[in-house]
Amino acid sequence: MRKLDGKVGIVTGGANGIGRACAIRLAAEGAAVGIADIDLAGAEKVVSTITAEGGRAVAVRTDVGRSSDVRDLVATVVETFGRLDLLVNIAGIAVAGSVTDIEEDDWDRVFAVNLKGIWYAMKYAIPHLREAGGGAIVNASSAQAFRGFPGWAAYAATKGAIVSLTQQAAVEYAPDRVRVNAIAPGTIMTPLNEEIFRTAPDPEALIESWNSMHALGRLGQPRKWRRSRSSSPTTRRS
């Protein structure tokens, strides 16, 4: 029996990068997965990857910055799979700009997706986690919550706020057996960051400068996790 057999999860931002890797890992561990992304075609490709390996998944087009979209996402996943046990909030955007340079509309857009999106997801998911007798939530913060990174004021502000929101929710819902944690990865070579590098005046110089900020001297990679052949004769590799 796999660790998450019988469980149901949602991954926001599940079409690419870290979200895609999380969705595939959850499915490999036995969970049915709702893959939420504004890129529906990308989310459907991840569903195809999961179902081809014998897993269960559904794609739901979701703008996490819209309350109605997130409410409908949770309702769709619960209706499809009958319950909800896990929530992984990965969806996020980054708009460059210092404190004095970023435009107000861009500031508001980053907060709507990165922070409000997590609040919406927890708001609508937690009642179902309680109903299931408990569950787990993982929110994606960033190393930028703890260390300044020139030129990304709004992004850093949201990631710091995610840490505080996570701590608040963890305290509030621990009595309901709902665990709430945040992760704070360094820079991962996701499609979002690939686009930042691609459009930079000097991509190689930018990559080198970002590499130098990391202890290993390189950026991370979202990995396609593989289960050992010996772990379960009924489980295929992702």
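Each reported figure results from applying straightforward, stated rules to the coordinates on display, with no laboratory input. For clarity, every value in this text was computed on a predicted model and none was experimentally measured. FYI the Cβ positions are ideal-geometry reconstructions off the backbone, even for glycines, and counts take in every protein chain you see.
The amide H of ILE10, built 1.01 Å from its N in the peptide plane, has GLY34, LEU86, LEU87, VAL88 as neighbours under 5 Å, considering only residues 5 or more places off or on other chains. When the alpha carbon gyration tensor of region 1-124 is reduced to an equivalent ellipsoid, the three semi-axes, largest first, read 28, 15, 12 Å.
Each Lys and Arg contributes +1 and each Asp and Glu -1, all at the Cβ; summed about the Cα centre of region 8-185, the dipole is approximately 520 debye. For region 45-58, 3J(HN,Hα) computed residue by residue from phi via the Karplus equation (6.51, -1.76, 1.60; θ = phi - 60°) reads 5, 5, 4, 4, 4, 5, 5, 5, 9, x, x, 10, 7, 9 Hz, glycine and proline entered as x. Of the peptides 10-23, 80-93, 52-65, 147-160, the order by per-residue mean of other Cβ atoms within 10 Å, starting with the highest, comes out as 10-23, 80-93, 52-65, 147-160. The phi torsions of region 94-104, fed into the Karplus equation with coefficients 6.51, -1.76 and 1.60 and a -60° offset, translate into couplings of 9, 10, 5, x, 7, 4, 8, 9, 5, 7, 4 Hz, rounded to whole numbers, with Gly and Pro shown as x.
Taking the beta-carbon count within 10 Å as an exposure proxy, list GLU204, GLU172 from fewest neighbours to most.
Working: GLU204 9, GLU172 13.
The fewest-first ordering by Cβ neighbours comes to GLU204, GLU172.
Distances between placed amide hydrogens fall under 5 Å for ALA182 paired with ASN139, all partners being 5 or more residues away or on another chain.
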